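A short reminder: the numbers here are calculations on the coordinates, not readings from a lab. If you're wondering where the values come from, they're calculated on a predicted model, not measured in any experiment. Note that we place each Cβ from the backbone using ideal geometry, even for glycine, and neighbour counts take in every protein chain shown.
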Amino acid sequence: VITIVTVSAILGLLLSYPVHWLEKRRIHSVVAALLVLIVVVALVSLLGFTVVPLVLEQATQLLNALPAWLDKLTQQLSWVQQFALKHNLNINLSQFFTQLEQIAQTMVSWLPGLAIGTLGRLFDTILVIVLAIYMLLYGQKMWRGLIHLLPTPLGPAFDKSLQFNVQQFFITQVLLALLMMLGLIPIFVLLKVKFALLFALIIG
């Protein structure tokens, strides 16, 4: 619950920027908020029907491929172990083999829960959007009410400082993530990296 409310507040804070920009163009605040929300919902829906299925497909393929990759790695490490024994080198990889088997079993057990987790995330996303709409429409009034509880000299200074620093921080992080993700996708595609979209999204 704390995570959903926090993400909604951050999203409402970020969406307040284009709303304020439209308000400066003499567009009513409610109309501006509705326009921004329509654009955001349209973009989220577009991503949901295009990018999300690809990411889920690549995630499933990655989880399916991991046991085989771990098995191949185990074979290569077995050769290293045999080489070490043959040349009297003090290398013991038996514990590492056990850990690899546990990882492979864990990866396989993730597959059934992936679909259920996706449905849960979908519900969380809808809830975040609804709360973000509420934050966007009424968040400023809620924030002003909290600020008024503080002493007069401290309240306005705290309000100005916190809003500036929080807004700049999250805008910078969002831009950095987008630039990194959009920059890595064509590089991964050119290098023919498997699961390029999934890895770029995770890194971003």
For the chain, set up a GNM with springs between Cα atoms under 10 Å and report which of 86, 160, 141 has the largest fluctuation. 86
When the chain is treated as a GNM, springs tying every alpha-carbon pair under 10 Å, which of 78, 45, 29 comes out with the largest mean-square fluctuation? 78
Treating the chain as a set of equal point scatterers at the Cα positions, no solvent, please give the Debye-formula log₁₀ I(q)/I(0) at q = 0.12, 0.17 Å⁻¹. -0.85, -1.26
Are there any helices in the chain, counted as whole DSSP H runs, that stretch 20 Å or more along their axis by Cα and score at least -0.5 on average by Kyte-Doolittle, and if so which? 2-24, 29-86, 94-147, 154-190
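Any number yet on Rg/Rh for region 1-42, C-alpha, Kirkwood?
1.06
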Which residue, 83, 170, 188, tops the fluctuation ranking in a GNM of the chain built on C-alpha contacts under 10 Å? 83
At 7 Å along the Cα-to-beta-carbon direction for both residue 56 and residue 41, put a label point, then send me their distance in nm to one decimal. 2.1
What value, in deg cm²/dmol to 500, does the helix sum -39500 (n - 2.57) over DSSP H runs of n ≥ 4 give at 222 nm once divided by the residues of the chain? -32500 deg cm²/dmol
Of 140, 55, 181, whose Cα points farthest to the positive end of the dipole of the chain (charges on the beta-carbon: +1 Lys, Arg; -1 Asp, Glu; origin at the Cα centre)? 140
Tell me, what is the percent relative contact order of the chain, built from C-alpha pairs under 8 Å that lie six or more residues apart? 32
